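Here's the structure we're looking at; comments come further down.
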Amino acid sequence: MNSWHHKHILTLENFSKEDFKIVIELAHKFNSLNSFEIENLPSLKGSLITSLFFEPSTRTKNSFELAAKRLSADFLSFHPSSSSLSKGETCLDTARTYCSMGSSILIIRHSLNNIPFEIAKNLDSLGLKTSVLNAGDGFHSHPSQGLLDLYTLTKFFSPTNLDPNILLKKTILIIGDILHSRVARSNIWSLSAFGANIVLCGPKTLIPDEFANFLSSKHQDEIEDPIRDRGKITISRSLEQSIKNADAVITLRLQKERMKTNLLNSVKSYSDDYCLTTQKLDLCDKEIPVLHPGPINREVEISSQIVDSYSNCLINDQVANGVPVRMALLYLLSTVNLGFRAI
């Protein structure tokens, strides 16, 4: 764990295999401790962690809060509706305010791309030690979701020794609104790092052909990819065809609030073609795991029958795994600024 070197966690495109493994192993350790109903750990006692969620959230926000409390950190939760934003204060000034209160970590979620990056750069320029953890920015990045999905699939395929290399050559099918999905982008970075091949399935309006080159395109600050041999990306327009060879499926929410133009003929036509149903799952000759980051639009992206009855539906596992993964991230960031503390 002494090799951890990230002051901020803003994206997964600069994560090495070792970085991913550190998070997964530490999350699994926290998960094991919680399974024995041990009281809150003293690891971050005396630390102040603040969530700055400028965008609504249920799972991510509450998961981070629970993670912080299980590590005995003090936790402040920012509410835009009752803040000085209504008086004209900027997001940056809001962040600086919480730094002045002693926050060691700011967990930031925003509807616009790159806001957490800009805040992190500004805090660094001021010489502040505060770390920024991106909890989702626009349709750019959602690192903790990408990590918890990696952890969830690793646990499924390698339950005894928890080795993410088990994903090598596996085909992970991601269905739906890739264009507006920060989750999909983070999943591509995390899963391809261990050699998983990604199939993006959906209509051309939601998955432009250019996504086939996503991994080789220039991204945030032109970060050099630390991983040489990633899995490949292919694009499919047919769910019936692509599901036949899938080893796992991640289906995504239609993010209509981010669509600036009408990208679908109708929700019904989308559902007919791309809603994951038991009939479509039956086209695969094995019982594959099914994930969804939530919130779920039943019968649009995924059928209620799968959510409620399919044995390998891992949606609840994703929610549960979010807490130890986020505990790991908070702990690791605290080691950068505060030095190591007992787990």
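The values are calculated or read from the model by the stated rules, or taken from the named source; none is laboratory data. These figures come from a predicted structure and were not determined experimentally. Because the Cβ atoms are built from the backbone with ideal geometry, glycine has one as well, and the counts that use them run over all protein chains shown.
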Matching residues, the stretch 182-205, being buried (at least 24 other Cβ atoms within 10 Å of the Cβ) and hydroxyl-bearing (Ser, Thr, Tyr): 186, 190
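Quick check on my filter: what residues within the stretch 230-270 are assigned to a loop (DSSP other than H, G, I, E, B), loosely packed, with under 15 Cβ neighbours inside 10 Å and at pLDDT below 95?
Initially, the stretch 230-270 is screened for residues assigned to a loop (DSSP other than H, G, I, E, B), giving 230-232, 237-238, 246-247, 252-255, 259-266.
Adding the requirement that they be loosely packed, with under 15 Cβ neighbours inside 10 Å leaves 232, 237-238, 260-262, 265-266.
Within the stretch 230-270, 260, 261, 262, 265, 266 qualify.
Which members of the stretch 4-34 meet the condition of being touching a helix residue (DSSP H, G or I) at 6+ places or on another chain (Cβ under 6 Å) and farther than 15 Å from residue 163 by Cα? Give the steps one after another, and end with the answer.
Looking only at the stretch 4-34, we keep the residues that are touching a helix residue (DSSP H, G or I) at 6+ places or on another chain (Cβ under 6 Å), and these are 4, 7-13, 23-24, 26-27, 30-31.
4, 7, 8, 9, 10, 11, 12, 13, 30, 31, listed by residue number.
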Single condition residue 115 does not satisfy, out of (1) in the same structural domain as residue 300 (by TED's automatic domain parsing); (2) under 15 Å from residue 52 (Cα atoms); (3) hydrophobic (A, V, I, L, M, F, W, C): (1)
Cross-chain or 6+ apart pairs with Cβ under 7 Å, the stretch 117-141 first and within 28 Å of residue 214 (Cα to Cα), then of a type in the set (S, T, N, Q) and assigned to a helix (DSSP H, G or I): 117/220; 131/337; 135/60; 135/144; 136/60; 141/186
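Going through 216, 192 one at a time, which residue ends up being of a type in the set (Gly, Ala, Ser), in the same structural domain as residue 301 (by TED's automatic domain parsing) and free of Cβ contacts under 8 Å to residues at least 12 places away in the same chain?
Numbers: 192 fails: free of Cβ contacts under 8 Å to residues at least 12 places away in the same chain.
None of the others qualify; the one that does is 216.
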Which numbered condition residue 169 misses (of (1) in contact (Cβ under 8 Å) with a residue 12 or more places away in the chain; (2) among the charged types (D, E, K, R); (3) surrounded by fewer than 19 Cβ atoms within 10 Å (Cβ to Cβ); (4) not in a loop (DSSP other than H, G, I, E, B)): (4)
Residues that are modelled with pLDDT of 90 or more, part of a loop (DSSP other than H, G, I, E, B) and either touching a His at 6+ places or on another chain (Cβ under 7 Å) or small (Gly, Ala, Ser) (or both), drawn from the stretch 56-96: 72, 73
Which numbered condition residue 123 fails, given (1) within 29 Å of residue 198 (Cβ to Cβ); (2) at pLDDT 95 or above: (1)
